[in-house]
Amino acid sequence: QVQLVESGGGSVQPGGSLRLSCAASGSIFSISLMGWYRQAPGKQRELVSTITSGGSTNYADSVKDRFTISRDNAKNTIYLQMNSLKPEDTAVYYCYAALRGWGQGTQVTVSS
């Protein structure tokens, strides 16, 4: 059973950067799709970015030019590089793996 553990969240000022990591307890090589979702207080959980086993990526329009998702199969880890952060990016960010579920989430706060 694969466990997913997010890390790298924190508090930054607008315009700052963070790199989130999602480490899996087992191989991610055969997982068809993994990704990042976020949920702000009082809002529904929304897709941020996904990456397939073949390397295809998808981004929400709101983060398209600022965030980059990547995968390191050797480390069983996916990443989300977040640049030019905005206050509206404030949320709990969750890692997702198809057929396996969710990580526990990591808080990202962007404020002056």
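The values are calculated or read from the model by the stated rules, or taken from the named source; none is laboratory data. Given the structure is predicted, the values throughout are model-derived calculations rather than measurements. As a convention, Cβ positions derive from the backbone with ideal geometry for all residues, glycine included, and neighbour counts pool all protein chains shown. Each accessible area value is taken on the protein alone, full model and side chains, heavy atoms only, with ligands, DNA and RNA left out. Shrake-Rupley method; radii C 1.70, N 1.55, O 1.52, S 1.80 Å.
Annotations for the structure displayed:
- Picking from residues in the stretch 52-93 that are closer than 20 Å to Gln104 by Cβ and of a type in the set (A, V, I, L, M), the one that is nearest to the chain's Cα centre (by Cα) is Leu80.
- Unique residue being outside any strand (DSSP E or B), exposed (fewer than 14 other Cβ atoms within 10 Å of the Cβ) and touching a residue at least 12 places away in the same chain (Cβ under 8 Å) when the list is Ser27, Ser11: Ser27
- Considering the stretch 30-50, the residues that are closer than 24 Å to Ala74 by Cα and open to solvent by 40 Å² or more (accessible area, probe 1.4 Å) include one that is farthest from the chain's Cα centre (by Cα), namely Ser30.
- Residue within the stretch 67-83 that is out of contact with any strand residue (DSSP E or B) (no Cβ under 6 Å at 6 or more places or on another chain) and aliphatic (A, V, I, L, M) present: yes
- Val48, sole failed condition from (1) in contact with a Leu (Cβ under 9 Å, 6 or more places away or on another chain); (2) modelled with pLDDT under 95: (2)
- The stretch 67-107 - residue that is of a type in the set (Asp, Glu) and surrounded by fewer than 18 Cβ atoms within 10 Å (Cβ to Cβ) and, of those, farthest from Met34 (Cα to Cα): Glu88
- Residue within the stretch 51-66 that is within 19 Å of Gly26 (Cα to Cα), in contact with a Lys or Arg (Cβ under 9 Å, 6 or more places away or on another chain), touching a residue at least 24 places away in the same chain (Cβ under 8 Å) and open to solvent by 40 Å² or more (accessible area, probe 1.4 Å) present: yes
- All positions within the stretch 2-29 that are within 22 Å of Asn76 (Cβ to Cβ) and among the β-branched types (Val, Ile, Thr): Val2, Val5, Ile28
- Within the option set Ser21, Ser27, being hydroxyl-bearing (Ser, Thr, Tyr) and more than 18 Å from Gln104 (Cα to Cα) holds for one residue only, Ser27.
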